[in-house]
Amino acid sequence: MNSDTDRQGGNTGIPALPFAVLFIVALTVLGMAVRYGLYGHLSLAYCVFAAFFSANLLICLWEVSLYLAHDRIEQRAEHWRNLHRETGVSPAMAFLRSKVPPGKILSPAFWIDVWASYSHYDDAYRDRGSFGFNVDIANGFTSWIPTLILYAAYTVNFLPAVAAGIIGVMLFWVWVYNTTLYWISFRVAGRHRSISPFDMWVYVFSLNFVWIAIPMFGVYVSVRLILDGNYQVLGF
């Protein structure tokens, strides 16, 4: 890691990938522990959503950072492009190895590198007028509240099942629709032609597929909550 990266990520702290994994695992285990303590069992469906909601909360932080620190993205994107040319290491992997200093855990100036490195695969994130930029910052500012509500409802059953189902249908369908539209816009704009098939499938398709597959399952679960009027589909 060169000096520019050291100034951005620092020499102390935990690498970004383990930090993200630990953040998601900690929130997931917290929900699972509370639910098991209250009801004495866990269902596979609940565990899937606990992990998904936890991941979305972290991504909301990244997406808010995209808006707040967007003026830094071009400079940082150039850094990751240069690093890739010099070392051959993919920008995504290089960023995930960079360290999160303790004082920058919530810093937009650090997390903008999520998008600066990703712009190697989709340069739309350098454009404030692009669909990708706006749909992600919209998710960051608006989805964390319903995500917390649903996570709490699935964990402690504090909402009527019908109410949780209505919120879930709206939230999960937005994720399905927006992610599908992002993938279509990526293909229609021809951005897949500027990267290798490996990069396209690993860093673009597979990551976005999660935000289609699990929310589609979430739509089904939400409809069941409405029709059944209880949380049985989640193992209650």
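The values are calculated or read from the model by the stated rules, or taken from the named source; none is laboratory data. In this text, all values refer to a predicted model and were calculated from it rather than measured experimentally. So basically every Cβ, Gly included, is an ideal-geometry build from the backbone, and we count neighbours across all protein chains shown. Each accessible area value is taken on the protein alone, full model and side chains, heavy atoms only, with ligands, DNA and RNA left out. Shrake-Rupley method; radii C 1.70, N 1.55, O 1.52, S 1.80 Å.
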* Give the residue that is nearest to Ile137 (Cα to Cα), with candidates limited to residues of region 76-100 that are touching a Gly at 6+ places or on another chain (Cβ under 7 Å) and open to solvent by less than 20 Å² (accessible area, probe 1.4 Å). => Val100
* Filter region 156-169 for residues that are part of a helix (DSSP H, G or I) and open to solvent by 10 Å² or more (accessible area, probe 1.4 Å); which is nearest to Met32 (Cα to Cα)? -> Val156
* Structure fact -> Reported set for region 181-201 where residues are open to solvent by less than 50 Å² (accessible area, probe 1.4 Å) and of a type in the set (Val, Ile, Thr) is Ile195
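Conditions (1) touching a residue at least 12 places away in the same chain (Cβ under 8 Å); (2) under 27 Å from Gly190 (Cβ atoms); (3) assigned to a helix (DSSP H, G or I), marked per residue:
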position: His84; (1), (2), (3): yes, yes, yes
position: Phe95; (1), (2), (3): yes, yes, yes
position: Leu106; (1), (2), (3): yes, no, no
position: Ala109; (1), (2), (3): yes, no, yes
position: Val114; (1), (2), (3): yes, yes, yes
* Name the pairs: first residue in region 136-152 and under 16 Å from Thr179 (Cβ atoms), second residue of a type in the set (Asp, Glu) and not in a loop (DSSP other than H, G, I, E, B), Cβ to Cβ under 6 Å, at least 6 apart or on different chains? -> Asp136/Glu63; Ile137/Glu63; Asn139/Glu63; Gly140/Glu63
* To do: Filter region 116-155 down to the residues that are acidic (Asp, Glu) and assigned to a helix (DSSP H, G or I), then identify the one that is surrounded by the fewest Cβ atoms within 10 Å (Cβ to Cβ).
  => Asp123
* To do: Test each condition in (1) within 23 Å of Ile73 (Cα to Cα); (2) surrounded by fewer than 18 Cβ atoms within 10 Å (Cβ to Cβ); (3) of a type in the set (A, V, I, L, M, F, W, C) for Val174 and report the one that comes out false.
  => (1)
